[in-house]
Amino acid sequence: MNTPQGGERPLNMDFTRRVVIRTTELNWQPSPAAGVWRKPLAREFAEHGHATSVVRYDPGSHFKAHTHPLGEEILVLAGTFSDEHGDFGPGSYFRNPPGSRHAPFSEAGCTLFVKLHQFAADDTAQVCIDTTTGRWQAGADGIAVMPLHHHGTEQVALARWPAGTQPVAHRHAGGAEIFVLSGELIDAAGRYPAGTWLRLPPGSEHQPRVDQETMLWIKTGHLPHPA
């Protein structure tokens, strides 16, 4: 397991390596905004560039208005996240495309899974989905899938796995990221409870299973191939 460290050094930016982080075991680190805390998972630079984090807003906290040069992707894990466009409760998934600007805040407090500066320049769709009312589709092996976004080879979805699900081994040509939202994911290397973030490198093979009903956020086909 890779353990985040502070400072300016890049964190988990080698996309050829498998990364597993149990975010519930990490300490919160302060952000530049008072009352906004984060747990860095991958980071190019301390305050700009590629970043993946779990973020917590204390009640009444806010960030100044800012622009996202290469986009922002958010899944609300708990509480209510707000900006000038509205209020977004648990299960809200949205994408602010490259060049978008907002001033986020939270009156009651919230926890988010956030990805910054990772959009393709031509991925300009503004996306806002309430996954608590979204439509599930039947997938293979009894898995229910809720598609969230698709651009080029990149696909983002929620997946609900019934207890006892064990798909055949599959290869992720363009890599994969998984955030365990509930339940527990299992593979040959270990067990991953709710709050675990996994990043699997391009070309890796994976055969996960679950013993209990498990909900996953999954992104595939988006990681750069090694030169």
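Looking across the stretch 35-93, the residues that are touching a residue at least 40 places away in the same chain (Cβ under 8 Å), closer than 29 Å to R135 by Cα and under 13 Å from the mean Cα position of the chain (by Cα) come down to T52, S53, V54, V55, E72, E73, I74, L75, L77, G91, Y93. Going by the structure shown, is A169 touching a residue at least 24 places away in the same chain (Cβ under 8 Å) and touching a Leu at 6+ places or on another chain (Cβ under 7 Å)? Here the answer is no, as A169 does not meet what is asked. Which of the residues that make up the stretch 110-169 are under 16 Å from the mean Cα position of the chain (by Cα) and among the hydroxyl-bearing types (S, T, Y)? If the condition is that a residue be under 16 Å from the mean Cα position of the chain (by Cα) and among the hydroxyl-bearing types (S, T, Y), then T111, T131 are the ones that fit. Filtered by the rule that a residue be surrounded by fewer than 17 Cβ atoms within 10 Å (Cβ to Cβ) and in contact with a helix residue (DSSP H, G or I) (Cβ under 6 Å, 6 or more places away or on another chain), the stretch 137-186 gives P162, P167. Which one is surrounded by the fewest Cβ atoms within 10 Å (Cβ to Cβ) among residues in the stretch 125-136 that are in contact with a strand residue (DSSP E or B) (Cβ under 9 Å, 6 or more places away or on another chain) and more than 27 Å from V36 (Cβ to Cβ)? Filtering the stretch 125-136 for residues that are in contact with a strand residue (DSSP E or B) (Cβ under 9 Å, 6 or more places away or on another chain) and more than 27 Å from V36 (Cβ to Cβ), the one surrounded by the fewest Cβ atoms within 10 Å (Cβ to Cβ) comes out as R135. Looking across the stretch 86-116, the residues that are within 21 Å of G35 (Cβ to Cβ) and assigned to a loop (DSSP other than H, G, I, E, B) come down to G89, P90, A103, P104, E107, A108, G109. Got at least one residue in the stretch 144-161 being without any contact (Cβ under 8 Å) to a residue 24 or more places away in the chain and part of a loop (DSSP other than H, G, I, E, B)? No, the conditions are met nowhere in the stretch 144-161. Looking at this structure, is F119 in a loop (DSSP other than H, G, I, E, B), out of contact with any Phe, Trp or Tyr (no Cβ under 6 Å at 6 or more places or on another chain), free of Cβ contacts under 8 Å to residues at least 40 places away in the same chain and over 30 Å from P162 (Cβ atoms)? No; evaluated as a whole, the condition is false for this residue.
Yes or no: the stretch 110-122 includes at least one residue that is surrounded by fewer than 17 Cβ atoms within 10 Å (Cβ to Cβ) and among the polar types (S, T, N, Q). There is no residue in the stretch 110-122 that is surrounded by fewer than 17 Cβ atoms within 10 Å (Cβ to Cβ) and among the polar types (S, T, N, Q). Might you let me know whether the stretch 35-48 holds any residue that is at pLDDT 95 or above, more than 23 Å from S182 (Cα to Cα), of a type outside the set (V, I, T) and out of contact with any His (no Cβ under 7 Å at 6 or more places or on another chain)? There is at least one residue in the stretch 35-48 that is at pLDDT 95 or above, more than 23 Å from S182 (Cα to Cα), of a type outside the set (V, I, T) and out of contact with any His (no Cβ under 7 Å at 6 or more places or on another chain).
Would you check which residues across the stretch 195-227 are within 22 Å of L112 (Cα to Cα) and in a strand (DSSP E or B) and list them? Across the stretch 195-227, the qualifying residues are T196, W197, L198, R199, L200, T214, M215, L216, W217, I218, K219, T220.
The values are calculated or read from the model by the stated rules, or taken from the named source; none is laboratory data. All of these numbers come straight from a predicted model, not from anything done at the bench. Ideal geometry is used to build each Cβ from the backbone, glycine not excepted, and the neighbour counts take in all protein chains shown.
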